[in-house]
2 protein chains.
Amino acid sequence: MTDRETIPLEEVDALVRRALTKHGASSAQAAAVARIVTSAERDGSESHGLFRVPGYVASLRSGKVDGTATPTLAHPAPAVVVVDAARGFAPLALELGLPALVDRAREMGIAALAIRHCFHFAALWPEVEQIAEAGLVGLAVTAATPMVAPAGGTKPFYGTNPLAFAFPRMDGPPLAFDMATAAMARGDIMLHARDGEPLPPGVGIGPDGAPSTDPDAVLAGAQLPFGGYKGAAIALMVELLAGAVAGDLFSYEAGAKGPKDGGPPEGGEFLIAIDPSRFGHGDGWQARAESFFSALADIEGTRLPGARRHGNRGDRHAAGAPIPASLLAEVRRLAGG
Amino acid sequence: MTDRETIPLEEVDALVRRALTKHGASSAQAAAVARIVTSAERDGSESHGLFRVPGYVASLRSGKVDGTATPTLAHPAPAVVVVDAARGFAPLALELGLPALVDRAREMGIAALAIRHCFHFAALWPEVEQIAEAGLVGLAVTAATPMVAPAGGTKPFYGTNPLAFAFPRMDGPPLAFDMATAAMARGDIMLHARDGEPLPPGVGIGPDGAPSTDPDAVLAGAQLPFGGYKGAAIALMVELLAGAVAGDLFSYEAGAKGPKDGGPPEGGEFLIAIDPSRFGHGDGWQARAESFFSALADIEGTRLPGARRHGNRGDRHAAGAPIPASLLAEVRRLAGG
C-alpha cells in the first residue's frame, strides 16, 4: 500500500494555485487549472489529480506553455464558438468558451466549440459534465501525442484520443463517460512496467510490430486502439474533428513539436452541445431518458457510466482526498513548502 | 460457391421499384428505397442490397410501414431540421432532410437532423457520404431492435446501434466508415449458424448469460458490444441521440412493438453536419486533412475506411452486380416476374 495523507479539497486547490503561480502562471490560469485538478481529486480520478501538477509546472519551466496567456473568444458562424487559448492551459480557455457554447446551443439547437492553441492535460469529463449540468447533451474529443497504431499499422500515429459524452439527469449528476480510444491508458501500462506485470493481450505491439504483453516493449513500440479496427475508426474521427475541423495539430504533428518536458501536449479540442428541447418534441425527452436509464439499471450486472466517480464525490467533499505521501511532498515542494 | 447472375445496376433499381410499388408503395417511396438498395449493390455491400427487398416487402404486406407516406420537414430551431417520416421508409425522409441539413450547416457552421417515425433498413454510409460530398463532415446514428447486452448485463437491450462518419476528400469519394457497435453483425452470426461454424470469442453470450461461441446459442441469448465496456458506452450514446434527442423509440421499446414481419424496425435517426470552413481558420483544412491522410497511408499495412467499397464502385458501374441466383429469383417473383 502507498502511504497516503488525506487533505481537504480546499488544500488541494490552494496547493495547485501556489505551485503554478510560483512558476510564472497568472492567477487566472492557475485558478482554472486548480479547479480542474481539484475536481479530479474530488471524484477519485487520481491520474488527473495532483499527479499532473509536476507536468504542468515542467511545461511552464520549459517555456512551452504561456502561463500568463489570456484566451479570446470569437463567433465565426452563428452556431460556432472558437476560443484561441493563446498557448495557455486548456482550463481557462474552457471557462471562457463553455458558457458561450451553452448559450449558442440553446439558441440554435446545436452548437460547436473549438479550442485552439491550447495545452490539455486533464480528463474530458469535466467539460461535458458542465454542458450536461446546463441541461444539454455534451460531447468532447481531443487529440494528443502519437502513441497508438492505426488499424493494420505498426507505428504510433494517433494519440490516445479520448471521446467524452454526457447526458443530463433529472436528479443528481449527469450520466458521463470519458474513454481513451486506446485499449489501455498509457499510465496503466507504465504501472505494469513499474510492477513487472505482463499486459493483457491486445494492448500493444513491440518495436518489431508483433503483438506483445511486455509493458516495456509496448511503451517502446505502439499501443493498440480498443476494439480493433472499429476503435481505430473512432480514433481517426477524433483526429479529424480535433485537428482538421477545430483547426489545430494532428497527433503526429504534435509529437514532432518540442520540448519534451513531460507536460501537456499541444493540440485542439472539439466540443458539441445539443439542446434536446429544441427538436420539436417538447420537454418529455428528460422523463423518457429517465425511463430508459431505469430499464437499463434493471438489467442485472449493469452500472451507468460515471456512477463510481459520482459515488466518490460525496465522500471526498466531506472527508478530503487521500494523496500519496511522496506526491504530496513533491507538490508541496513545487508550491514553495 | 453461390450461383450468381450479374445484372446491370439499372436492373437492380427497376426490380426494387417494381417489387415495392406492386406491394402498395408510392412511386416516390419505392424510388428512394431503390436508389439506396442500388447504391449498396454498386459498392458490393451485399447485406444491404437486394437481400433486404423481401423484408421491405414483408413490412408493406403486414401494414407496419405506410408505403404511401409523405414525409414533412420542420425547423424547430435555427440549426435543427426535423423530418417526420410519417411511418414510411427512411430513404425518402432522408432525401427531404439531407439538403436542408446541408444548407443549415453551411449557414450555421453545424446543424442536426432528426428523422422520426421511420423504418430504417439500410446502411448509414449513404447519408454521411452525401453530406461529405457536399463538402461537410457527416455523422449519423440509429437505434434498432434489442440484440446487444449492455456492459455487465446478460440480456439484449441495445440495438446493433451503428455509428457512421464521413469526411470530404479533395479528389474522389469521401472517407467514410459505418460500424455496428455490436462485435459482429447479426447477419454474419446467422451465416455462421447456417454453415455450422463456431464464432470467435467475444461475439456473444448464450441464454444462460455465459460466453458462447455457438452461433445458435448467441442468437437465442445476446450479442456483445465491440471492445467491451467502451463499445457499450458508444451503444448507449447512440440510444440517447437517436431515442431521447431525436424524439423516437429506444431499442428496447422498438423491440416490444409488433409486428415481427422480418422487415425494418421502427426508430429514429440522428445526424450532424459540420462545415469546417466556418471555424475561422479559412479553407486550408481540406489540404491539411489530405496531408494527414497521406501520412496515415504511408504507414505500412493501413487502409483508409471505405476504400474497399469505393474500389467495388467503379467495377460495378461498368459490369453490374453479381446477385445470388436464388435471391434474384425471389426478388423477380416479388416484382411480378
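The values are calculated or read from the model by the stated rules, or taken from the named source; none is laboratory data. Everything numeric in this text was worked out from a predicted model, so none of it was measured. Because the Cβ atoms are built from the backbone with ideal geometry, glycine has one as well, and the counts that use them run over all protein chains shown. Heavy atoms of the whole protein, side chains included, go into the accessibility calculation; ligands, DNA and RNA do not. Shrake-Rupley method; radii C 1.70, N 1.55, O 1.52, S 1.80 Å.
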Rounded if a/c is under 1.5, else prolate if a/b is larger than b/c, else oblate: which is the range B:176-226, with a ≥ b ≥ c the root eigenvalues of its Cα gyration tensor?
-> oblate
Rounded to the nearest 100 Å², what is the sum over both chains of accessible area buried where B meets A, with a probe of 1.4 Å?
-> 5600
Find, among the residues of chain A, the one whose Cβ sits nearest the axis of the rotation taking A to B; state the distance in whole Å.
-> A:Gly227, 1
Would you mind listing the distances between the B:Met190 label point and the same position in each other copy? Use 7 Å along Cα-to-C-beta, nm, one decimal, shortest first.
-> 4.9
Determine the dipole magnitude for the range B:45-199: charges of +1 sit on the beta-carbon of Lys and Arg, -1 on that of Asp and Glu, nothing else is charged, the reference point is the Cα centre, and the result goes in debye to the nearest 20.
-> 520
Hey, could you get me the Stokes-Einstein D for the protein assembly as shown, Kirkwood radius over alpha-carbon pairs, 20 °C and 1.002 mPa s, rounded to whole µm² s⁻¹?
-> 83
Can you tell me the accessible area per residue over the range A:196-287, all protein chains present, probe 1.4 angstrom, in square angstrom?
-> 33
Can you pull the one-decimal nm distance between simple spin-label points at B:Ala325 and B:Ser294, each 7 Å off the Cα toward Cβ?
-> 5.0
How big is the charge dipole of the protein assembly as shown about its Cα centre, in debye rounded to the nearest 20, if each Lys and Arg gets +1 on its Cβ and each Asp and Glu gets -1 on its Cβ?
-> 440
Take the alpha carbon atoms of the range B:57-100, find their center, do the same for the range A:82-142, and report the distance between the two centers in whole angstrom.
-> 33
Taking R0 as 41 Å and r as the Cβ-Cβ distance between B:Ala86 and B:Gln286, the FRET efficiency 1/(1 + (r/R0)^6), rounded to the nearest 0.05, comes to 0.60
Shielding by partners for A:30-42, please: the mean number of other protein chain Cβ atoms within 10 Å of each residue's Cβ.
-> 0
If every Lys and Arg gets +1 and every Asp and Glu gets -1 at its Cβ, then about the Cα centre chain B yields a dipole, in debye to the nearest 20, of 560
Difference of contour (0.36 nm per residue) and Cα-Cα distance, A:Asp3 to A:Asp216 | 74.1 nm
Under 5 Å from the placed amide H of A:Ile323, counting only residues 5+ away or on other chains, we find A:Glu5, A:Thr6, A:Ile7
Do you know which residues of the range A:99-134 lose at least 30 square angstrom of accessible area in the protein assembly compared with their chain on its own, with a 1.4 angstrom probe?
-> A:Met108, A:Ile110, A:Arg116
So what's the back-of-envelope 222 nm ellipticity for the protein assembly as shown, counting only DSSP H runs of four-plus at -39500 (n - 2.57) apiece and dividing by all residues, rounded to 500?
-> -12500 deg cm²/dmol
Quick one: compute the contact order of chain A, relative version, from alpha carbon pairs under 8 angstrom and 6+ residues apart, as a percent.
-> 23
Expected vector for the range B:36-45, Karplus 3J(HN,Hα) from phi with 6.51, -1.76, 1.60 and θ = phi - 60°, integer Hz, x for Gly and Pro, equals 5, 5, 5, 5, 5, 5, 4, 9, x, 8
Give the distance, in whole Å, between the Cα centre of the range A:245-319 and the Cα centre of the range B:300-316.
-> 33
Given the candidates B:Thr145, B:Ser27, B:Ile110, the one whose Cα lies deepest towards the positive end of the charge dipole of the range B:1-155, counting +1 at each Lys or Arg C-beta and -1 at each Asp or Glu C-beta, is B:Thr145
Taking Cα centroids, how far is the range A:154-225 from the range B:210-232 in Å?
-> 23
Hey, what did the range B:5-136 get for relative contact order, percent, Cα under 8 Å, at least 6 apart?
-> 21
Check chain B and count each lysine pair with an alpha-carbon distance under 21 angstrom, considering only pairs eight or more places apart or from different chains.
-> 6
Alpha-carbon gyration tensor eigenvalues x 5, square-rooted, for the range B:100-164, Å = 29, 12, 11
List the relative contact order of the range B:64-163 as a percent without decimals, with contacts defined as Cα pairs under 8 Å and 6+ residues apart.
-> 20
Find the percent of Cα-Cα distances in chain B that exceed 28 Å, and round it to a whole number.
-> 44
Teacher prompt: A:Pro207 distances to equivalent labels in other copies, 7 Å Cα→Cβ, nm = 5.5
